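*Asks:* Handing you this structure, nothing more for now.
The values are calculated or read from the model by the stated rules, or taken from the named source; none is laboratory data. Model, not experiment: these values are computed from the prediction. Heads up, the Cβs are rebuilt from the backbone with ideal geometry, glycines too, and the neighbour counts pull from every protein chain shown. These accessible areas exclude ligands, DNA and RNA; they are computed on the full protein's heavy atoms, side chains included. Shrake-Rupley method; radii C 1.70, N 1.55, O 1.52, S 1.80 Å.
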Amino acid sequence: MQRQLVFELPNDLQCIEETVEFVVSRCSTCEEVARKLRVNFRVSLAEALTNAMIYGNGSDPSKRVRVEIFLYTCSLTARITDEGTGFDPHRIPDPTTPRNVKKVGGRGLFLMRNLMDEVRYNDRGNSVTLVLNLPSSERLSREASA
Amino acid sequence: MAFKISSQGEVTVVDVDGQLIVGNRQELKQKVLDELEEGRRKFLVDFTDTGYIDSSGLGVLVSLSKKVREQGGELRLSSLNEDLRTLFELTKLDTLFRIADSRDEGLASF
């Protein structure tokens, strides 16, 4: 493992933007990684934090959200855990159907699933793990010198 | 982050500087609704200087588009970079909005 970040956030939506930038600034190891972090990871982390604060913690300002970031050579993993009772991620409808596409909400989990390489919940449903595969520095070096 | 409102003839242009996310979506919504209340009906939201948009940001665009249309107007988008366009394509919102490649093209489309 190259780097690990673990911290807790107050249940405040205004913290999300700064948190996302803080994490990205500490995980961007090269240009290719930065490109994948630019939107895929930023959006997914913002979605996970939003879900944790609004749905998981029920917008309760006394609750907290735990953020764990693990940067490996080939992947970046973020685990976001709230204090809620959890939810069933299989019960989220497809937001891209003709009927649902006109709805205001319901795209958060869909975006996470499409922008990250892996999204999994714990059994309780109050902790989501996001995995983004990164091109290894060895492979990038090989490609650059080829 | 900031939303800059300006007028180009009949079109109200909204520049999204930074992120359009859960923490600031209400600010954008209020600014557009204020303009709508003042009688403006043509809106162009320009994303030239936008970093990323989350699902709340996409949602507020859907909501505003609906409200503007209910008043007989239209809200269009412009200058989505490749990453942002991917978000609209993934969510199929590219089928809901008229999206121009550039601000000038967006202005000319009204």
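*Asks:* Membrane-span-like helices in chain B: DSSP H runs reaching 27 Å or more (Cα, own axis), mean Kyte hydropathy at least 0.5?
*Replies:* Length and hydropathy pass: none found.
*Asks:* Chains A and B: how much accessible area gets covered up at their contact, both sides added, probe 1.4 Å, in Å² to the nearest hundred? Display every interim value, and only then the final one.
*Replies:* Numbers: alone 8590 and 5890 Å², together 12410 Å².
Buried surface at the A/B interface: approximately 2100 Å².
*Asks:* Accessible area drop of at least 40 Å² (1.4 Å probe, protein heavy atoms): which residues of the range B:61-110 qualify, relative to the chain alone?
*Replies:* Hits at the 40 Å² cut-off: B:Asp83, B:Leu87, B:Leu90, B:Thr91, B:Lys92, B:Leu96.
*Asks:* How would you rank B:52-58, A:127-133, highest first, on the average number of other Cβ atoms within 10 Å across their residues? Before the final figure, lay out the partial values.
*Replies:* Details: B:52-58: 25.6, A:127-133: 19.6.
Put in order of decreasing packing, that is B:52-58, A:127-133.
*Asks:* With both partners inside the protein assembly as shown, how many of the DSSP beta bridges are antiparallel, as a percent to the nearest 5? Don't skip to the answer; put the middle values down first.
*Replies:* On the way: 32 of 46 bridges.
The antiparallel proportion sits near 70 percent.
*Asks:* Around A:Cys27, what is the net charge, scoring Lys/Arg as +1 and Asp/Glu as -1 over all other residues with Cβ under 12 Å from its Cβ?
*Replies:* Values: positive: A:Arg3, A:Arg26, A:Lys36, A:Arg38, A:Arg42; negative: A:Glu21.
Counting the neighbours of A:Cys27, the net charge comes to +4.
*Asks:* Right, something else. By how many nm would the segment from B:Ile5 to B:Asp17 grow when fully extended, if each residue of separation counts as 0.36 nm and the alpha-carbon distance is taken off? Don't skip to the answer; put the middle values down first.
*Replies:* On the way: separation 12, 0.36 × 12 = 4.32 nm, distance 1.11 nm.
Gain in length upon complete extension: 3.2 nm.
*Asks:* Could you bin all the Cα-Cα distances of the protein assembly as shown into 5 Å bins starting at 0 and give me the percent of pairs in each, rounded to whole numbers?
*Replies:* 1, 6, 13, 16, 18, 15, 12, 9, 6, 3, 1, 0, 0
*Asks:* What lysines could a cross-link reach from B:Lys67, if we take a straight Cα to Cα line under 17 Å and drop same-chain neighbours fewer than 8 places away?
*Replies:* Within reach: A:Lys102, A:Lys103, B:Lys29, B:Lys31, B:Lys42.
*Asks:* Which value results for Rg/Rh of chain B when Rg is the Cα radius of gyration and Rh the Kirkwood radius based on the inverse mean 1/r? Could you put the intermediate results ahead of the total?
*Replies:* On the way: Rg = 12.4 Å, Rh = 13.6 Å.
Value, to two decimals: 0.91.
*Asks:* Then there's this: Calculate what fraction, in whole %, of the accessible area of the protein assembly as shown sits on carbon and sulfur atoms when a 1.4 Å probe is rolled over the protein chains. Kindly include the intermediate steps, with their values, before the conclusion.
*Replies:* Working: 5480 of 12410 Å².
It is 44 percent, rounded to a whole number.
*Asks:* In a GNM of chain B with a 10 Å cut-off on Cα contacts, which of B:Thr48, B:Thr91, B:Thr12 has the highest mean-square fluctuation?
*Replies:* Comparing B:Thr48, B:Thr91, B:Thr12 in the GNM, the peak value goes to B:Thr91.
*Asks:* While we're here: Using only DSSP helix segments of four residues or longer, with each worth -39500 (n - 2.57), what per-residue ellipticity at 222 nm results for chain A after dividing by its residue count and rounding to 500?
*Replies:* On the way: 5 runs with 45 residues, N = 146.
One gets -8500 deg cm²/dmol as the mean residue ellipticity at 222 nm.
*Asks:* In debye, nearest 20, what is the charge dipole magnitude of the protein assembly as shown about its Cα centre with +1 on Lys and Arg Cβ and -1 on Asp and Glu Cβ, if you could check? Present the calculation step by step, with values, prior to reporting the outcome.
*Replies:* Working: 35 positive and 39 negative charges, 130 e Å.
For this selection, approximately 620 debye.
*Asks:* Using alpha carbon centroids, what distance separates the range B:16-35 and the range B:46-110, in Å?
*Replies:* When both Cα centres are located, 13 Å separates them.
*Asks:* While we're looking at this one, here's another question. Anyone know which of A:Ser62, A:Ser25, A:Ser44 comes out most mobile in the 10 Å Cα GNM of chain A?
*Replies:* A:Ser62
*Asks:* For A:Lys63, which aspartates and glutamates qualify as cross-link partners when the Cα separation must be under 13 Å and same-chain residues fewer than eight apart are set aside?
*Replies:* Partners within reach: A:Glu8, A:Asp12, A:Asp82, A:Glu83.
*Asks:* Can you pull a Stokes-Einstein diffusion coefficient for the range A:3-145 at 20 °C (1.002 mPa s), Rh from Kirkwood over Cα pairs, as a whole number of µm²/s? Mind dumping the intermediate values first?
*Replies:* Details: Rh = 15.9 Å.
My calculation gives 135 µm²/s for D.
*Asks:* Need one value for A:10-21: mean number of C-beta atoms belonging to other chains within 10 Å of its residues' C-beta atoms. Mind showing how you got there, number by number?
*Replies:* Values: counts 0, 0, 1, 6, 3, 1, 6, 10, 1, 0, 5, 2.
Neighbouring Cβ atoms belonging to other protein chains average 3 per residue here.
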